[in-house]
Structure formats: C-alpha cells, structure tokens
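*Asks:* Got a structure for you, written out below as structure tokens; questions coming shortly.
The values are calculated or read from the model by the stated rules, or taken from the named source; none is laboratory data. This is a predicted model, so every value here is computed, not measured. We place every Cβ from the backbone using ideal geometry, glycine too, and count neighbours over all the protein chains shown. In case anyone asks, the SASA skips ligands and DNA or RNA and just uses the protein heavy atoms, side chains included. Shrake-Rupley method; radii C 1.70, N 1.55, O 1.52, S 1.80 Å.
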Amino acid sequence: MSPERGALEASWHARLGDYLQRPEMQALAAYLRAELATGKRIYPPGPEIFAAFRHAPFEAVRVVILGQDPYHGPGQAHGLCFSVRPGVRTPPSLENIFKEIQRDLGIPRPDHGCLTPWADRGVLLLNSVLTVEEGHAAAHQGKGWEGFTDAAIEALNREREGLVFLLWGAYAQRKGQLIDKSRHCVLSSVHPSPLSAHRGFIGCGHFSAANHYLASRGQPSLDWSLPARSELPPIQS
C-alpha cells in the first residue's frame with residue numbers, strides 16, 4: 001500500500017502525478033509500508049485509496065463533498081467520503097445526510113450507504129486524509145495527505161468553473177480558503193454528525209441549493225437518489 005502516481009485516474013494523474021513524487025509523499029508512502037510491516041491494518045485497501053478520483057475524472061466533477069478521513073472500522077471504507085460498502089450498517093453521519101436529502105428533496109432513504117452512484121454522476125467524494133489505521137480515527141492526519149488533497153482542490157478551482165463545494169464542519173471548511181467563490185458555489189454547514197447535525201445541518205437545503213446553482217448555469221440537476229442495494233454494481237478495487 002502506497003500512494004503511487006500510477007494508481008491515479010489518467011486525468012487526475014496529469015495534474016497530481018508529479019505531486020506524488022515530492023519528498024513528503026515519498027515519506028508518506030514509506031510510513032504506510034512500515035505501518036503495514038508491523039501488522040497494523042490500514043483502510044481503505046490499497047487499490048481503493050484513490051477511488052474518489054477514479055469514479056469522478058477531473059472534467060466530470062460537478063460537485064465536491066469534503067470529508068475528514070476514512071471510516072476506521074473493518075469493511076467500511078472504500079475510498080469515497082461518507083460512503084460504506086453495500087451491506088455495511090449506515091454510519092450516523094450518513095444517516096443524517098439521507099435525512100436532509102429526504103427533507104430537502106423528498107427522496108426516500110436508500111436501503112444501503114454506498115454512494116458510488118453519486119461519484120459516477122460527478123460528485124467527488126474526497127476525504128482530506130485518504131488513509132487511516134484500524135480503530136484509530138485521524139491516525140494519519142499530518143502525515144502528508146492534506147497537501148495532496150489541497151492540490152486536488154486547487155486544480156479544480158483553477159481549471160474548472162461553476163462547481164459546487166459542500167463543506168460540512170470546521171475541518172472541511174478550512175479548505176474553503178482554496179476556492180474562489182466568485183467562480184464556484186461554496187455551501188457551508190456544521191457537520192452531519194449526531195453531535196452537530198441538529199445545529200444547522202438538518203434544514204441546510206444544500207442539495208436543492210446545489211441543483212439550483214447548476215441550473216442557473218444551464219447544467220442539469222444532479223440526481224441525489226440511489227438505486228436499491230440489489231441494483232448496485234459490484235465495487236471495483
């Protein structure tokens with residue numbers, strides 16, 4: 001497991017591949033290899049570290065949702081922020097996201113927590129930190145991932161126009177300083193965690209607001225519904 005440039009989807013590789021060769025990223029790769037050598041479990045599995053980029057190529061991105069770091073329980077993380085594999089219990093923050101979508105758009109809660117269909121429609125589901133140690137939330141913060149994901153946001157800000165950024169919670173909002181609000185739509189709220197969701201996330205209307213913004217620019221609305229679990233394609237590593 002290591003952040004190698006060849007693992008990136010081609011359009012992202014063109015913009016971020018060189019970043020992976022920086023000393024801090026080489027140090028991160030060495031750190032991950034050393035952690036694995038001691039028997040520690042790291043999530044998501046190596047082939048899924050860059051899944052957010054694979055599902056949402058650079059020119060296909062329409063909406064960006066920023067998370068913090070991956071889920072740290074067995075079988076949960078698969079490279080998309082807030083998302084879990086089909087069949088895994090939906091985490092509380094994602095339950096609140098579904099509650100707000102139902103309140104905002106009338107879309108009923110799905111029978112799973114896999115957000116891959118959103119990613120395939122152009123929602124970049126990007127964690128600020130792309131790996132985590134099992135059972136230890138935020139274990140890999142400050143190891144180098146933050147600069148890499150900053151570079152991804154900076155590339156979108158610089159080369160694209162008319163994107164929607166959903167920044168939930170103070171951690172995600174810190175990346176907002178990288179975004180030119182005159183060229184993109186930035187929607188901020190408290191985090192959907194049960195500790196804060198009822199202080200402003202529930203009722204924020206971000207999903208309809210995102211679609212209104214896209215429509216104002218002559219773009220189609222984003223479909224925030226999810227198919228039934230039985231209709232999901234297999235997750236590709």
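The rows are residues; the columns are (1) open to solvent by 70 Å² or more (accessible area, probe 1.4 Å); (2) assigned to a loop (DSSP other than H, G, I, E, B); (3) farther than 15 Å from Trp118 by Cα.
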| residue | (1), (2), (3) |
| --- | --- |
| Pro194 | yes, yes, yes |
| Ile202 | no, yes, yes |
| Tyr213 | no, no, yes |
| Pro220 | yes, yes, no |
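*Asks:* Select from the stretch 100-129 the residues that are over 18 Å from Ser193 (Cα atoms), out of contact with any His (no Cβ under 8 Å at 6 or more places or on another chain) and not in a loop (DSSP other than H, G, I, E, B) and list them in ascending order.
*Replies:* If the condition is that a residue be over 18 Å from Ser193 (Cα atoms), out of contact with any His (no Cβ under 8 Å at 6 or more places or on another chain) and not in a loop (DSSP other than H, G, I, E, B), then Leu105, Pro117, Trp118, Val123, Leu124 are the ones that fit.
*Asks:* Output the residues belonging to the stretch 130-162 that are of a type in the set (A, V, I, L, M), buried (at least 22 other Cβ atoms within 10 Å of the Cβ) and part of a loop (DSSP other than H, G, I, E, B).
*Replies:* Leu130
*Asks:* Of all residues in the stretch 168-192, how many are closer than 17 Å to Glu95 by Cβ and outside any loop (DSSP other than H, G, I, E, B)? Before the answer, list the steps.
*Replies:* The first filter runs over the stretch 168-192 and keeps only residues closer than 17 Å to Glu95 by Cβ, leaving 168-169, 189-192.
Then drop every residue that is not outside any loop (DSSP other than H, G, I, E, B), which leaves 168, 189.
Of the residues in that region, 2 qualify.
*Asks:* Restricting to the stretch 1-12, and then to whatever is surrounded by 13 or more Cβ atoms within 10 Å (Cβ to Cβ) and out of contact with any Phe, Trp or Tyr (no Cβ under 9 Å at 6 or more places or on another chain), can you tell me which residue is modelled with the lowest pLDDT?
*Replies:* Step by step, filter the stretch 1-12, then rank; the result is Met1.
*Asks:* Could you look through the stretch 110-129, keep only residues that are open to solvent by less than 10 Å² (accessible area, probe 1.4 Å), of a type outside the set (A, V, I, L, M) and touching a strand residue (DSSP E or B) at 6+ places or on another chain (Cβ under 9 Å), and pick out the one that is farthest from Ser93 (Cα to Cα)? Quick ask: steps written out before the conclusion?
*Replies:* First, the residues of the stretch 110-129 that are open to solvent by less than 10 Å² (accessible area, probe 1.4 Å): 112-115, 118-119, 122-126, 128-129.
Retained after the next criterion (residues that are of a type outside the set (A, V, I, L, M)): 112-114, 118, 122, 128.
Now narrow it down to the ones that are touching a strand residue (DSSP E or B) at 6+ places or on another chain (Cβ under 9 Å): 118, 122, 128.
Details: Trp118: 17, Gly122: 21, Ser128: 17 Å.
Of everything passing the filter in the stretch 110-129, Gly122 is farthest from Ser93 (Cα to Cα).
*Asks:* Ok, one more. May I ask you to list pairs of residues, at least six apart or on different chains, whose Cβ atoms are under 6 Å apart, with the first in the stretch 13-35 being open to solvent by 60 Å² or more (accessible area, probe 1.4 Å) and the second being aliphatic (A, V, I, L, M)?
*Replies:* Arg15/Ala155
*Asks:* Something else now. Among the residues of the stretch 65-73, is there at least one that is closer than 26 Å to Arg174 by Cα, assigned to a helix (DSSP H, G or I) and open to solvent by 60 Å² or more (accessible area, probe 1.4 Å)?
*Replies:* No, the stretch 65-73 contains no residue that is closer than 26 Å to Arg174 by Cα, assigned to a helix (DSSP H, G or I) and open to solvent by 60 Å² or more (accessible area, probe 1.4 Å).
*Asks:* So which of Leu167, Leu178, Leu156 ends up being in contact (Cβ under 8 Å) with a residue 12 or more places away in the chain and closer than 13 Å to Arg62 by Cα?
*Replies:* Numbers: Leu167 fails: closer than 13 Å to Arg62 by Cα; Leu178 fails: closer than 13 Å to Arg62 by Cα.
The unique qualifying residue is Leu156.
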